[in-house]
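Okay, so here's the structure we're looking at.
The values are calculated or read from the model by the stated rules, or taken from the named source; none is laboratory data. Keep in mind it's a predicted model, so treat the numbers as computed, not measured. Using ideal geometry, Cβ is built from the backbone for each residue, glycine included, and neighbour counts are taken over all protein chains shown. The area values use the complete protein model at the heavy-atom level, side chains included, leaving out ligands, DNA and RNA. Shrake-Rupley method; radii C 1.70, N 1.55, O 1.52, S 1.80 Å.
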Amino acid sequence: MSAAEPFVPALRSRALTGLYDPVMSLLVNEATLRRRTLSLLRPEPGERVLDLGCGTGSLTVRLKQEFPRVEVIGCDVDPGALGLARRKAAVAGVSIRWCLGPAHDPPLPDRSVDLVTSTLLFHHLRPDGKRAALAAALRLLEPGGRLVVVDFTRPSDFLRRIAFSGVRLLDGLEVTADHAAGRFAEIVESAGFERVTEADRLDTPVGTIAFLTAARRREGRGG
């Protein structure tokens, strides 16, 4: 999927969107992934946090529950997934701002958030789509704002390389090539972010996931 292409629904079919949560729970150790992501986010009270490509909202809702004094925004291009996310928020009794839009052009003003996070979105995007989504994140962040991206990286061993080949065949070899080679951090840095760091890794049944942190440059430093 590039910046100009139509989105692909969760599990590649609108009919399967309702199965996304149990499938992800089985395949990527979702509870552990969510816990580690939240430990890296840790927003301050009053900050504005955007979950870019929030999908069905599992992390978005949990984020608001863990940090009730922050403003949480969930944005996704899939209306079916957003419908599930809204229902989760209603059941949890939390207030979240939801917006419908693509990762490369979220319908939000420039410099309107303090923190952008994205989980398992970027390996679905073609190279130009990855760069466009990172440019959007940079645009939306306040100077000094943070980015936390959780996505597949170079598999840690032979068995996970074989397992990740299934993900690559499903999503496209070109689309996932930078992740399989461990080059995604370089793409984040080339997009204009600084202090790009692999803060953690998680081995899953379908590959290895990296937790990347980065920041937008502060004013007076070229950003």
Of all DSSP beta bridges in the chain, antiparallel share, percent nearest 5: 50 percent
Mean separation of Cα contacts under 8 Å, 6 or more apart, over the residue count of the chain: relative contact order %: 19 percent
Hypothetical label at ARG139: residues of segment 166-199 whose amide nitrogen lies under 19 Å (7 Å Cα-Cβ projection): 188-194
Heavy-atom accessible surface of segment 102-205: percent carbon and sulfur, 1.4 Å: 53 percent
Sum of -39500 (n - 2.57) over DSSP H runs of 4+, divided by residues of the chain (222 nm, nearest 500): -11500 deg cm²/dmol
Segments 51-57, 95-101, 175-181, 207-213 sorted - mean Cβ within 10 Å per residue, highest first: 51-57, 207-213, 175-181, 95-101
Assigned charges on the beta-carbon of Lys, Arg, Asp, Glu; segment 26-79 dipole about Cα centre (debye): 260 debye
Relative contact order (percent, whole number), segment 29-155, Cα cutoff 8 Å, 6+ residue spacing: 25 percent
Estimated distance in nm for a label pair at LEU27 and ARG195, the labels positioned 7 Å out from Cα along Cα-to-Cβ: 3.4 nm
Per residue accessible area of the chain, 1.4 Å probe, in Å²: 46 Å²
Cβ charges +1 (Lys, Arg) and -1 (Asp, Glu), total dipole of segment 116-169, debye: 160 debye
Helix runs (DSSP H) in the chain reaching 15 Å along axis by Cα, Kyte-Doolittle at least -1.0: 30-41, 79-92, 127-140, 158-171
The chain: most fluctuating residue of ARG62, ARG139, ARG183 per GNM, C-alpha cutoff 10 Å: ARG183
